[in-house]
Structures are given as C-alpha cells and as structure tokens.
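S.K.: One structure coming up, written as structure tokens, with questions to follow.
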Amino acid sequence: MNITSNSRVIGRLLQEISWVGSTVKEYRNGGRGFEDVLTAEVFLALDFLPRQSFWGAVVEASLGATKVRSLLQQEIEQADFTLYPGSFFLTPSGRAYQKELAVQPDGVIKTPSCFGLIEAKRIKPSSFQPEQLAREFVLVMKEALNQNQEPILWLILGEEPPVSVQGHGRLNPIDAIELHLESVLNRTENHNFEKSLLLEQVDEVVCWTTWQTIAEVVKKQVGDITITEPSARGCVQRLANSVVQSITWHS
C-alpha cells in the first residue's frame, strides 16, 4: 500500500463516513462525538503545527513503549503521516472480506526509523472489537519487520485503560492483545512469528494517551512557544486553539 500525504484528508474522511449507511443522519450535528471527525480535526491540526513543539510533546506525554516512542519523538519532523490509510489484510488470499483479516487503522506514521499505527477511540464510551488490538499489533509487527523499522502501536483513548473490549469487559490493552493473539497469528499469512516472542515485545510496542492529555499538552505548548512574527504566531495560535476546541466540543 502506498503511503500518501494528507492533502486529501477531508476526502478520505468523507469516504469513511460514506460506509456508515443509514446512520449517516447522525452526522448532521457536525459529527459531534464521532471518533473519525474528532481524529481528523485534531490530527490534521497537529500535522500542520510546529511538529517538535506540539506533536512531539504529545508523543512525549504518552505512556508505554518508552524506547520507540522516544525515537518517534526525535524523528517527528521527518514523519510521513497518513490519516485513514484504508485497509490492510493479514490474510490476503481470503476469498471473502471477513476471511482476509482486514485491519483499518486510523493513521499510519512513518519516520526513518519507525513504522507506527494510530488507533483512536471517541471520547464518549466506546469499545474495541474482540480481535481489533491483536490484529493491529500483528500488522504493525509485520510491516515494521518488512521495512526494517521499529514498530509502535499508538492508542488515543477517551479515558485511561483498562479499555472496553466487546465480549470481554474492561481489559488492559496488552491483555486484550494476548487474549486473541494466537488466533490471529494462526490465520495470518507470510510470517514466522511465535506468540511467546511477540508477547515479550508488546510492552515496547504499545503506547497510549487520552484526548484530554492532548488538549492539556497543546494548551501548555502554545503558551510556552516563542514566535516573534505576528502572522506566524497567529497561525500557530489558531491551529492550537482548534485542537483544544475540537476535543472540548466532542467531549
């Protein structure tokens, strides 16, 4: 799959919305509360803000995957970020969509040393599908290995873990991965992974933050940053304010 720029992010958001069917009427209030709209609003602004000061600070404030997260922060200015990249398939030979083990991350982020997936949930209560985190973990491990990069799975949550997983109540994300990892691996093609070895790495792959933390970091950074040129300063302030306002509005 080719990784493209964010020049058509609104078009890709509309494509995402086009799949919701009759429930599209629920977007008439500007998509308030919907994770795809929130994610587009916040991450498009983060992509345009001075990266080290804002996106890098958000990465630094996240928890988990300490080593690779630090590497991602260091290389954030060089990141190639794609929102709503489309579907990846763990079992490409499957004859039906359900059997292809589709994975649809909310974002892909690549730097010279890192390959990452972003999975965002809405601020209001929501849940992961039973295998969702296990599939995303296997996918990021495969893609990073194929590209000789460090893997990172970055979760953007409405509240701190544990997270809600359909059919399993509330779990730590790593426990949710372990629960379905063997089943996903058994159906995934073109790999030599062993469950036990993957589980030894999961703590250094999975990290998370919350939308509220993002808002707090952005508010702090826009107050601390020094920009002497008035027009550039105004641009940064407007973008930063849009992040905070979006998160408040969707809460």
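S.K.: Among Pro130, Ile156, Ile227, whose Cα projects farthest towards the positive end of the dipole of the stretch 114-251, with charges put on the beta-carbon of Lys, Arg (+1) and Asp, Glu (-1)?
M.R.: Ile227
S.K.: If you rank Tyr27, Tyr84 by fewest surrounding Cβ atoms within 10 Å, what's the result?
M.R.: Taking fewest neighbouring Cβ atoms as first place, the list is Tyr27, Tyr84.
S.K.: Continuing with this model, one more query. Subtracting the Cα-Cα distance from 0.36 nm times the residue separation, let me have the gained length for Arg170 to Ile17 in nm, one decimal.
M.R.: 52.3 nm
S.K.: Give the residue from Phe89, Gly64, Phe54 lying farthest towards the positive end of the charge dipole for the stretch 1-157; charges sit on Cβ (+1 for Lys and Arg, -1 for Asp and Glu) and the dipole is referred to the Cα centre.
M.R.: Phe89
S.K.: Just need the relative contact order of the chain here, percent rounded to a whole number, with Cα pairs under 8 Å and 6+ apart.
M.R.: RCO, the chain: 23 percent.
S.K.: Another question, if that's okay. Treating only the Cβ of Lys, Arg, Asp and Glu as charged (+1, +1, -1, -1), what charge dipole size does the stretch 138-251 show about its Cα centre? Round to the nearest 20 debye.
M.R.: 580
S.K.: A follow-up question, please. Can you tell me the length gained on complete extension of the stretch Asn146 to Glu159, counting 0.36 nm per residue apart and subtracting the Cα distance?
M.R.: Extra length available between Asn146 and Glu159 comes to 1.4 nm.
S.K.: List the extent of the Cα atoms of the stretch 78-202 along each of their three principal axes, largest first, rounded to whole Å.
M.R.: Each principal axis gives a Cα extent; for the stretch 78-202 these are 35, 35, 31 Å.
S.K.: Hey, could you pull the Cα Rg and Dmax for the stretch 22-76, both in Å?
M.R.: Spelled out, the Cα radius of gyration and Dmax of the stretch 22-76 are 15.1, 44 Å.
S.K.: Report the residues of the stretch 112-128 in range of a label on Leu197: point 7 Å along Cα→C-beta, backbone N strictly under 20 Å from it.
M.R.: Answer for the stretch 112-128: 115.
S.K.: Same structure again: Which Cα, out of Trp19, Gln74, Ile109, lies furthest along the positive dipole direction of the chain (beta carbon charges, K/R +1, D/E -1)?
M.R.: Most positive-ward Cα: Trp19.
S.K.: What is the Cα centroid distance between the stretch 31-72 and the stretch 165-216, reported in whole angstrom?
M.R.: Here the answer is 20 Å between Cα centres.
S.K.: So what is the orientation-averaged projected area of the chain, using the convex hull of its C-alpha atoms, in nm²?
M.R.: Mean projected area for the chain: 13.7 nm², to one decimal.
S.K.: Give me D for the stretch 186-251 in µm² s⁻¹, whole number, from Stokes-Einstein with Rh from the Kirkwood sum over alpha-carbon pairs, 37 °C and 0.692 mPa s.
M.R.: The estimated diffusion coefficient comes to 212 µm²/s.
S.K.: Can you sort Thr248, Thr228, Thr188 from fewest to most other Cβ atoms within 10 Å of each residue's own Cβ?
M.R.: Thr228, Thr248, Thr188
S.K.: What spacing in nm lies between the two simple spin-label points modelled at Ile225 and Arg28, each 7 Å away from Cα in the Cβ direction?
M.R.: Going by the 7 Å Cα→Cβ label model, 3.8 nm.
A short reminder: the numbers here are calculations on the coordinates, not readings from a lab. Fair warning: this is a prediction, and the values are worked out from it, not measured in the lab. Backbone-built Cβ (ideal geometry, glycine too); neighbour counts: all protein chains shown.
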